[in-house]
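Chemist: Got a structure here, written out as structure tokens. Questions coming.
The values are calculated or read from the model by the stated rules, or taken from the named source; none is laboratory data. Quantities reported herein were computed from a predicted structural model and do not represent experimental measurements. Don't worry about glycine lacking a Cβ; one is built from the backbone with ideal geometry, like all the others, and counts go over all protein chains shown.
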Amino acid sequence: MQALTIRSLKKSFKNVHAIINLDMNVPENSVYGFLGKNGAGKTTTMKIITGLLKSDGGEIEVFGQPARFGETKVNRMIGYLPDVPEFYGYMTSKEYLSLCAKVSGVTPAEAAVQIKELIAVVGLKGINRRIKTYSRGMKQRLGIAQALIGSPKLILCDEPTSALDPEGRLEVLQVLNNLRERVTVVFSTHILADVERICDRVGVLNNGCLAMEKSISELQSMSMSGRIRVETYDEDARSHLLDSLGQLPGFKVVVDKDTTFFLEARDTKEAAVSICKTAADLSLPLRRLERLEQSLEDVFMEVTGQ
Amino acid sequence: MRYFSVFMHKEMVELWRTSKALIVAIVFLALSIMSVLLAIFTPVIMQSVFEMTPGMSGETQTWPEATAVDSYAQFFSNIGQMGLLMIIIMFGAGLVREKRQGTAALLTARGLPRWVVALGKLTTGVGVWTVAYLLAFGVCLACTVFYFPDDPVDHMVLSVTGMWLYGIMLLCVGFVLSTIFKSSGGPVGIPIALLFLLPILDFWKTTAKFSPNWLFTNSVTLLGGTVAPRDALAPFLVTLAICLLSVCLGVFLFKENEL
């Protein structure tokens, strides 16, 4: 079953078309990374799913149930962490989580257990002072705890690691990763390393629609593809080597000048091995062989047109 | 109703922890006691001022003795202006604050019905106004009866209820404005403006008969028996209608608000 299905979602703010035609599917019990440049519409999408904003068209289903603006039934399956969570400053974290538990319909006994667990997991154990004294990082941790209270089936996190130090970031990613088998997680981020670390699937939002949606392994394959720069000692050697390499599948010469040529290959590692072998067979020494790999960042920049 | 009681519990904690309840109680009690004292000492003060005025020292002037009606008049004047001003400023834009801070968004995203948040904030304002008003009136009543034991007044309940309903109306207007405006300016400024501009409607006899302001300006004349209670029916009904309409409209609009 799909945990989250979005079909033809549209949203505009006055003259700005934030989301034009978004289709998205998030499998159950997976971790989905939601990428996009600033202003792409990630936060808007999450707010529409949680019923905080009204869409201009399209449909959203959460575990097969329609999610509509102003209706709260589906919200009870969702835990939401906004990018800058705000709480009641006069409460302590336990009190706020208790409030959330009551809203979620959790029994007091179960709430006490969950709160104790979550406070320890997010690293707020022993902090009994009021939320108004918390740093941004501490509020972010509390935000994660409140998103998890009530055992929601779907967690939407809007940049959950943005305000955290490196240690905090790793802890949060670990928390989200550990939820994998029980809960579906959708989180938006700019930190591509976080995506690589824990996501099963990635969607890149650009120009109001999903420009790319792939599994992380497919993305990593893409990032293994790239270019190879080869430099020989003379032009004859270059031509001779190119003629032989031209017989092999999967190579595409993109630049060819003087003693240097660039090849595009799906798998640069394999390609480098093939080039070395071919050069050895022809007894042609190579002055330089360099793999210019496409990182995930390069993939992202390419997809978002930057 | 479960959600409503959970939210109201949160509101009670907020009132206590932010000291709003204490501040309102202290101010209202002070206004109440001040009203009685002002009524008692106004003739004395006027006499002293008269005697100190140059050229008047040899003259005699009789000032009417203070009565219970004077005490209640001061009460309604002070509570109806300063007290209501305070209530509107502190509670008139409660919903706007929840929206702006994002605290409402987090709870509604979790499944808290929007009508609970809306009515909860209104109920808090109405509750504080009611309790503070009754507390202040209780003190005023006790002091007035103590200082003016043989001075009964007419139509006390009607008079007190009228002023109370007037305050409720201003809070309800602030409530519906909270669902329209994005900042506190409108929900606080417009009811305050109404507090001072509604009396202008009294210039036209037709509107004066139905204006909610009648409840404010005639709270004292009712006590003195110079105005008939049946004249209060029309403004009561109009004020009640404004309250109900504002509440229904406010809840409907908040359901449509994007958070």
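Chemist: Restricting attention to the stretch B:120-142, which residues are aliphatic (A, V, I, L, M) and either facing chain A (nearest Cβ under 7 Å) or surrounded by fewer than 21 Cβ atoms within 10 Å (Cβ to Cβ) (or both)? Write out each step before concluding.
Modeler: Step one: of the stretch B:120-142, the residues aliphatic (A, V, I, L, M) are B:122, B:126, B:128, B:131-132, B:134-136, B:139, B:141-142.
B:VAL131, B:LEU134, B:LEU135, B:VAL139, B:LEU141, B:ALA142, listed by residue number.
Chemist: What's the number of the condition B:PHE50 fails, among (1) away from every other protein chain (no Cβ under 14 Å); (2) aromatic (Phe, Trp, Tyr); (3) touching a residue at least 40 places away in the same chain (Cβ under 8 Å)?
Modeler: Exception for B:PHE50: condition (3).
Chemist: Might you let me know whether the stretch A:87-107 holds any residue that is among the charged types (D, E, K, R), more than 21 Å from the chain's Cα centre (by Cα) and more than 14 Å from chain B (Cβ to nearest Cβ)?
Modeler: no
Chemist: Further question on the same structure: Output the residues belonging to the stretch B:1-47 that are in a helix (DSSP H, G or I), within 14 Å of chain A (Cβ to nearest Cβ) and hydrophobic (A, V, I, L, M, F, W, C).
Modeler: B:PHE4, B:VAL6, B:PHE7, B:MET8, B:MET12, B:VAL13, B:LEU15, B:TRP16, B:ALA21, B:LEU22
Chemist: Which one of the conditions (1) in contact (Cβ under 8 Å) with a residue 60 or more places away in the chain; (2) more than 21 Å from the chain's Cα centre (by Cα) does A:THR50 fail to meet, given that it meets all the rest?
Modeler: All conditions pass for A:THR50, except number (2).
Chemist: Report the residue count in the stretch A:180-206 for those that are surrounded by 18 or more Cβ atoms within 10 Å (Cβ to Cβ) and out of contact with any Cys (no Cβ under 9 Å at 6 or more places or on another chain).
Modeler: 13
Chemist: If I filter the stretch A:78-89 for residues that are without any contact (Cβ under 8 Å) to a residue 60 or more places away in the chain and touching a Gly at 6+ places or on another chain (Cβ under 7 Å), do I get at least one hit?
Modeler: Yes.
Chemist: Return a yes/no flag: does the stretch B:153-163 have any residue that is crowded, with 18+ Cβ neighbours inside 10 Å, within 15 Å of the chain's Cα centre (by Cα), at pLDDT below 90 and not aromatic (Phe, Trp, Tyr).
Modeler: No, the stretch B:153-163 contains no residue that is crowded, with 18+ Cβ neighbours inside 10 Å, within 15 Å of the chain's Cα centre (by Cα), at pLDDT below 90 and not aromatic (Phe, Trp, Tyr).
Chemist: Could you please give the count of residues in the stretch B:210-249 that are of a type outside the set (Lys, Arg) and over 20 Å from the mean Cα position of the chain (by Cα)?
Modeler: 9
Chemist: Now, a different point. Look at A:LYS11 and say whether it is among the basic types (Lys, Arg) and surrounded by 15 or more Cβ atoms within 10 Å (Cβ to Cβ).
Modeler: yes
Chemist: Examine the stretch A:237-258 for a residue that is hydroxyl-bearing (Ser, Thr, Tyr) and under 30 Å from A:MET1 (Cβ atoms), and state whether such a residue exists.
Modeler: No; the residues of the stretch A:237-258 include none that is hydroxyl-bearing (Ser, Thr, Tyr) and under 30 Å from A:MET1 (Cβ atoms).
Chemist: Among the residues of the stretch A:1-56, what is the count of those that are under 23 Å from B:PRO113 (Cα atoms) and among the β-branched types (Val, Ile, Thr)?
Modeler: Summing the residues that are under 23 Å from B:PRO113 (Cα atoms) and among the β-branched types (Val, Ile, Thr) in the stretch A:1-56 gives 6.
Chemist: Looking only at the stretch A:56-77, count every residue that is facing chain B (nearest Cβ under 10 Å), touching a helix residue (DSSP H, G or I) at 6+ places or on another chain (Cβ under 9 Å), in contact (Cβ under 8 Å) with a residue 24 or more places away in the chain and surrounded by fewer than 23 Cβ atoms within 10 Å (Cβ to Cβ) and tell me the total.
Modeler: Residues that pass the stated criteria total 1.
Chemist: Also, quick follow-up: Of all the helices (runs of 4 or more DSSP H) wholly in the stretch B:179-259, which have at least 2 residues that are of a type outside the set (Lys, Arg) and buried (at least 17 other Cβ atoms within 10 Å of the Cβ)?
Modeler: Result: B:185-197, B:213-217, B:219-224, B:233-256.
Residue-by-condition table, conditions (1) over 22 Å from A:ILE198 (Cβ atoms); (2) in contact (Cβ under 8 Å) with a residue 60 or more places away in the chain:
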residue: A:LEU9; (1), (2): yes, no
residue: A:ASN21; (1), (2): yes, yes
residue: A:GLY36; (1), (2): no, yes
residue: A:GLY41; (1), (2): yes, yes
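Chemist: May I pose another question? Go over the candidates A:LEU4, A:LEU53, A:LEU35 one by one and state the one that is more than 28 Å from B:MET12 (Cα to Cα) and buried (at least 24 other Cβ atoms within 10 Å of the Cβ).
Modeler: A:LEU35
Chemist: Also, I was wondering about something else. Please tell me if A:SER98 is crowded, with 23+ Cβ neighbours inside 10 Å and touching a residue at least 12 places away in the same chain (Cβ under 8 Å).
Modeler: Taking the combined requirement at face value, the residue does not satisfy it.
Chemist: Something else: Assess whether B:ILE168 counts as being out of contact with any His (no Cβ under 6 Å at 6 or more places or on another chain), surrounded by 18 or more Cβ atoms within 10 Å (Cβ to Cβ), more than 14 Å from chain A (Cβ to nearest Cβ) and of a type in the set (Val, Ile, Thr).
Modeler: The answer is yes for B:ILE168.
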